[in-house]
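Inspection log for the structure reproduced underneath, given as structure tokens.
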Number of protein chains: 2
Amino acid sequence: MAVVERDVYGAVEGGGTKFVCLVGTSPDDIVDEITIPTTTPTETIGAVIEFLRRPRPGVRLVSVGVATFGPIDLDPRSETYGCVLKTTKPEWSGARILGPLARRLGVPIAWDTDVNGAVLGEARWGAAQGLDPVLYLTIGTGIGGGALVNGAPIHGLIHPEMGHLPVPIREDDTFPGICSFHGRCLEGMASGPALAARCGRPVPEIPADDPVWDLAAWYLAHGISGLVLTLSPRRVILGGGVMRQATLLPRIRRMLVEVLNGYLEAPELGERIDEYLVPSALGQKAGLYGAIVLAERARGAG
Amino acid sequence: MAVVERDVYGAVEGGGTKFVCLVGTSPDDIVDEITIPTTTPTETIGAVIEFLRRPRPGVRLVSVGVATFGPIDLDPRSETYGCVLKTTKPEWSGARILGPLARRLGVPIAWDTDVNGAVLGEARWGAAQGLDPVLYLTIGTGIGGGALVNGAPIHGLIHPEMGHLPVPIREDDTFPGICSFHGRCLEGMASGPALAARCGRPVPEIPADDPVWDLAAWYLAHGISGLVLTLSPRRVILGGGVMRQATLLPRIRRMLVEVLNGYLEAPELGERIDEYLVPSALGQKAGLYGAIVLAERARGAG
């Protein structure tokens, strides 16, 4: 007697400390989920493959989506396609991700950056449903952005690295910046480690009335204004650990309206700024759910 | 006896001083061309319609593309779709462009900004053939950018306005900027009028060894680095009157490599920068030829 199987996707979000994987078709239909610590590429990717290959009665894995920390090589014409590029994370520079997964799983696989995954997740099930173009920006240990434009994330020469935007320096700000490449870029001035270095204490311990939040809002608003002027997103979603400080978002909103100064005539950049610059709806799951969307797309292309 | 007619497109590039129109199918197949001075919307658009309606034996107009100065309303769901938005150009704020053309011509019409037109033209027949994503930036009376991403220009909340990017101020630069909205944004610091104001003479009269060119390169390289980090273009094309000063492009190239400081590991941003940051191949015709591409697309969608 034939067993009727339904089709499911594998979704993987690869981060610096853990890889989260699920088997399912949507946030409301998760068959299985696992969290794997990020150790060596061989061990971690091996555990991901073991999880995805596990026999599960009644379901058939048809494709896999992977959203991972970068930089990664997304160019199918490149010799290092499917690999992590040079990264500060020990052992992961040059690590092959896509190849082993494809060989051992035998299903179509799509991959993208964690932030491109996050914007796909938010546009499908989160804070930007149906919107395009749309921008997701995470402000945490680093600053990174993913944009959905004309139906797909942006892949190009490499992939966007929005955290390193040049920003004007506030006149009274003498902080030298912490970016090892650019010093006083957006990430160098307003990422979690930059704010911690400014205050001499970890971000969660910085009180809500510390003047550093106005400084952070100043840089983030300038960075976001540049992204808005470039991508014309219909909404901007903010995630990442630094945004957990509730005082920050309203400050960024006010500052963004001030920075743009009425140049772009849209109510979203004035009285409706609260609907335009919004917190992530999926939180830490945005990239993982986005990987489901990647898997769907891989299946279509496969 | 039936006359055999072949299909041709109408292409219109609308600028602040003139509207250039052609009938044809490509830069190598132009049936007719006209230049119309920009006066009032009624008079100018009337002359465009008259030109496009003119009977021409052997050809049949099947669609029209319009690339025009902005800001313009590109959102088909908007009440002011097809109109120019608020502009400093007398009489053109709110001018209806698309409606009269569609009514009088009876063919599908597509429209876009002049810079989005230019990037379409360059990607089809110019300096970026077949590349995507790709960026076109014009540095002239104003600074504006158009990007082709995932097969189409970016339209969103409004459309990109890349000239107004926030930029870091060079430490020794006391120039207050001339942008009436943002003061010291990219356009405020490095557009033609900004350079002229810095030097007290028109741009064409500024000698090649004037230190202002290093300043201009500094701001343009910072602006371009932000665009590269956001859009990850496979090539960046520079056009506009200010770029006619031949000393400027090599300075911007050197400065861009310096600003990015090796962060994006691609030969295009190092030893191959001369192939990456390139002058417009179509010059003043980029937008007009791009309007042919818009017309092709309008026909497909019509």
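Show which aspartates and glutamates lie in cross-link reach of B:LYS285 when reach means a straight Cα distance below 18 angstrom and same-chain residues fewer than eight apart are skipped. Output for B:LYS285: B:GLU13, B:ASP28, B:ASP29, B:ASP32, B:GLU33, B:ASP112, B:ASP114, B:GLU122, B:GLU296.
Long hydrophobic helices in chain A, taken as whole DSSP H segments with a C-alpha length of 15 Å or more on their own axis and mean Kyte-Doolittle hydropathy at least -1.0: A:41-53, A:114-125, A:212-231, A:248-260, A:286-301. Work out which chymotrypsin sites (Phe, Trp or Tyr not before Pro) in chain A are exposed loop sites (DSSP not H, G, I, E or B, at most 15 other Cβ within 10 Å) and give the longest gap free of them. Counting at most 15 other Cβ atoms within 10 Å as exposed, the longest clean stretch of chain A is A:182-302. The GluC sites (Glu not before Pro) of region A:124-224 that DSSP puts in a loop, and whose beta carbon has at most 16 other beta carbons within 10 Å, are A:GLU171. Placing a label point 7 Å from Cα along the Cα-to-Cβ direction at A:ARG201 gives distances to the equivalent points in the other copies of 5.9 nm, listed shortest first. Return, ordered by residue number, the residues of region A:92-123 whose backbone nitrogen is under 20 Å from a label point located 7 Å along Cα→Cβ of A:THR42. Within reach of a label on A:THR42: A:92-105.
Averaging the Cα positions of each part gives two centres, and for region A:113-147 and region B:166-241 these lie 31 Å apart.
Over region B:216-302, consider all pairs of different Cα atoms and compute the Kirkwood hydrodynamic radius from their mean reciprocal separation; express it in Å, one decimal. That comes to 14.3 Å for region B:216-302. Looking only at chain B, where both bridge partners belong to it, what percent of the DSSP beta bridges are antiparallel (to the nearest 5)? Antiparallel: roughly 55 percent of the beta bridges in chain B. Here chain A is treated as a Stokes sphere of Kirkwood radius computed over C-alpha pairs; at 20 °C and 1.002 mPa s its diffusion coefficient rounds to 107 µm²/s.
Per residue, the convex hull spanned by the alpha carbons of the protein assembly as shown comes to 177 Å³. Loop-located trypsin sites (Lys or Arg not before Pro) in region A:79-182 (DSSP state not H, G, I, E or B) with no more than 15 neighbouring Cβ atoms inside 10 Å: A:LYS86, A:ARG170. GNM on chain A, alpha-carbon springs under 10 angstrom: the most fluctuating residue among A:VAL259, A:VAL278, A:VAL236 is A:VAL259.
Exactly which GluC sites (Glu not before Pro) in region A:237-283 are in a DSSP loop and have at most 10 other Cβ atoms within 10 Å?
Counting only loop positions with at most 10 other Cβ atoms within 10 Å, the GluC sites (Glu not before Pro) in region A:237-283 are A:GLU271.
Taking every DSSP bridge with both residues inside region A:135-275, close to 70 percent are antiparallel. Counting from the shortest, the label point at A:GLU79, 7 Å from Cα toward Cβ, is 6.0 nm from the same position in each remaining copy.
Can you give the net charge of the other residues whose Cβ lies under 11 Å from the Cβ of A:GLY15, counting K and R as +1 and D and E as -1? For residues surrounding A:GLY15, the net value is 0. For region B:129-280, the Cα-based Rg and Dmax, in that order, read 14.8, 43 Å.
Values in this text are rule-based calculations from the coordinates and carry no lab data. Computed from a predicted structure; not experimentally measured. Don't worry about glycine lacking a Cβ; one is built from the backbone with ideal geometry, like all the others, and counts go over all protein chains shown.
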